[in-house]
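The values are calculated or read from the model by the stated rules, or taken from the named source; none is laboratory data. In this text the structure is predicted, and so the values were computed from the model without any measurement. Here Cβ is always computed from backbone atoms with ideal geometry, including for glycine, and neighbour counts include all displayed protein chains. Note: accessible area is taken over every heavy atom of the protein model, side chains too, but ligands, DNA and RNA are not part of it. Shrake-Rupley method; radii C 1.70, N 1.55, O 1.52, S 1.80 Å.
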Amino acid sequence: MEIAARKVTLRLAETFTISRGSEDEAEVVQVEVSHAGTTGYGEAAPIARYDESADSALAWLKRLELGADDPFALDEIEDALPPGEHAARAAVDAALHDLQGKLTGLPVYRLLGLRQLAPPTSWTIWLGDPDDMARRTERILGRGFKRLKLKLGGFDGLDVERVRAVRAVTDLPLMCDANEAWSLDEALEIIPQLGAPEIGLEYCEQPLKAADAGGPALEERSGVPIYVDEDCHTLPDVAACAERAHGINIKLAKSGGIREAVRMAHAARALGLGLMLGCMVESGLGIAAGAQIASLMDHVDLDGNLLLADDPWPGVDFVDGVQRPSSRPGLGVEMHGAEMHGVETQGVPAA
Ligand code: MG
């Protein structure tokens, strides 16, 4: 098998702001794995919060040797991967799944025995002033989204106002993501107000800092389901999350790919945890990998490609609020245009 990797810069349609900062563009890594004249593609977005970048991912990919010359030998390949760089691992995992699907003529969700249809995706209303968030909510109301995820954590005492302002303009189901912004006392003051009937918040994602000692107390007293994201990366994290949350947010860029994400989903179910599938700002190539396993989830947040000025990898269909994977083989997406802006190709040695 031959493997190559590159860094790609994706441009956002509008500036995206969360509690940790703002961005106008996002860097992803894309991997291609070829075998017997067929090529599989995969993508993932390295997460700065976990000290990963497109450059560190590329450096890991350049050192990579695949442990087998067989795209179906995923256990052997996974065992031979060096540690770390979860986004890069996810891109390799996605490319191998895409390749398997193309070689067998099956979409990946069918290879995995999963359903094509999943819960509707949320649309993210990124952090801003309460009025600004309400105005942006009004602007997308006609676009077919069935639920909204509000980014909170403004450190200005206005987070409840933000949700009230959005609730005043829509009846859509709402959830929020504080991205580790609140203390236990703040969370215990804010979350019950958001759960009150006039707002009816469905759940709150990562209110506290990862590993915050207040996690178990908040889980017991919040009154609204707590989902953890920054607390939960790979399978070994899942059991501890049952002590501090009602559900986990799985992202392929954290888990290292589809295989580990499926393991996490089953472990979480055994512990009685709810499941959410998240994403980063990614093109349709990255979103397509998530869409293959979205049917396992209670909640889906796969809007990364919809936030882009232009998605270079169309193929995931946004239908009735659902990010539906294509029924074509593999991940079912294809790059449009001969050359992408900002592509830097770097060869990687074959296994
Ligand atoms: Mg989150």
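Worth a mention:
- Residue that is farthest from residue 189 (Cα to Cα) [pool: residues in segment 236-251 that are away from the ligand (no atom under 14 Å from the Cβ) and outside any loop (DSSP other than H, G, I, E, B)]: 236
- Of all residues in segment 110-117, one or more are in contact with a His (Cβ under 9 Å, 6 or more places away or on another chain), closer than 25 Å to residue 233 by Cβ and open to solvent by 10 Å² or more (accessible area, probe 1.4 Å).
- Matching residues, segment 178-191, being closer than 23 Å to residue 300 by Cα and either open to solvent by 30 Å² or more (accessible area, probe 1.4 Å) or within 23 Å of the chain's Cα centre (by Cα) (or both): 178, 179, 180, 181
- Condition met for residue 239 (open to solvent by 10 Å² or more (accessible area, probe 1.4 Å) and not β-branched (Val, Ile, Thr)): yes
- Against the criterion of being within 22 Å of residue 255 (Cβ to Cβ) and among the hydroxyl-bearing types (Ser, Thr, Tyr), residue 22 does not qualify.
- Which listed residue is closer than 24 Å to residue 16 by Cα and open to solvent by 30 Å² or more (accessible area, probe 1.4 Å), from 230, 202: 202
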